[in-house]
Amino acid sequence: MAGDSETILELKRVAGDMALDFANTCDHQAGVIVADWLRSYADLLDWVGRVGLLEGAQVEHLRHVAARQPVAAAHAFQQALALRAAIYAIFSAIAGKQPPATEALAYLNAVLAACQPHLQIEPEGEGFRWGWAGDSDALDRPLWPLARAAADLLASPALRLLRQCPAEDCGWLFLDTSRNHTRRWCDMDDCGNRAKARRHYRREVAGG
């Protein structure tokens, strides 16, 4: 949970995976978003720049493109929200031991199909990495690595470590990489401590 974060640049990253961190840019309660830090295309650029999905020069270039094409930027932002919703739906279902909704998987696959022609291998140091080629003005470019990250996690053995925070006003997703795989909360400093405080209060009330 975000705790006292007011902007997306202050938002904690606790998931251990890029796609899950993207899904965690909002809080849920009973399946409804109750707090959202992704409020504009500018926020999307801030976030992908902060987490390193795009280089600084690419982020600034897209800012200029968005300023010239506000309608297209608004459309790309809606696409980002739809991708986030699909990623959250898929992984929250899996965390709850349920099959993901067909519609959510279909949306993720649609984004993957759209970005696949841009995927390429690039040299990095003495090795190589996956990279992206193509239209530098594409306002949906931030979505390409996010869709790929979600697909990679779905096909990874790490999927068995997927958990969901049980706090009723959070719902964040994370990978439990703790030694004994007993991590319960997304962040002990936020949701964990609040749960402890609520339990203490209930004991005090019952005792009183």
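The values are calculated or read from the model by the stated rules, or taken from the named source; none is laboratory data. Note that the coordinates shown come from a computational prediction; the quantities given were computed from them, not determined experimentally. FYI the Cβ positions are ideal-geometry reconstructions off the backbone, even for glycines, and counts take in every protein chain you see.
Annotations for the structure displayed:
- Cβ pairs under 9 Å, 6+ apart, first in the range 18-31 and farther than 21 Å from Pro142 by Cβ, second of a type in the set (Val, Ile, Thr): Asp27/Ile33; Asp27/Val34; His28/Val34
- Test: residue in the range 69-91 that is in contact with a strand residue (DSSP E or B) (Cβ under 6 Å, 6 or more places away or on another chain) and either more than 15 Å from Pro145 (Cα to Cα) or surrounded by 19 or more Cβ atoms within 10 Å (Cβ to Cβ) (or both): yes
- The set of residues in the range 52-81 being touching a residue at least 12 places away in the same chain (Cβ under 8 Å) and touching a Gly at 6+ places or on another chain (Cβ under 9 Å) consists of Gln58, Val59.
- Conditions (1) surrounded by 20 or more Cβ atoms within 10 Å (Cβ to Cβ); (2) touching an Asp or Glu at 6+ places or on another chain (Cβ under 6 Å); number of the one not met by Leu161: (1)
- Counting only helices (runs of 4 or more DSSP H) that sit wholly inside the range 50-164, those with at least 3 residues that are within 20 Å of the chain's Cα centre (by Cα) and polar (S, T, N, Q) are 70-95.
- Pair list, Cβ < 7 Å and 6+ apart or interchain, from the range 34-51 residues that are touching a residue at least 60 places away in the same chain (Cβ under 8 Å) to residues that are among the charged types (D, E, K, R) and part of a helix (DSSP H, G or I): Leu45/Arg63
- Residues in the range 181-201 include none that are closer than 21 Å to Val34 by Cβ and modelled with pLDDT of 95 or more.
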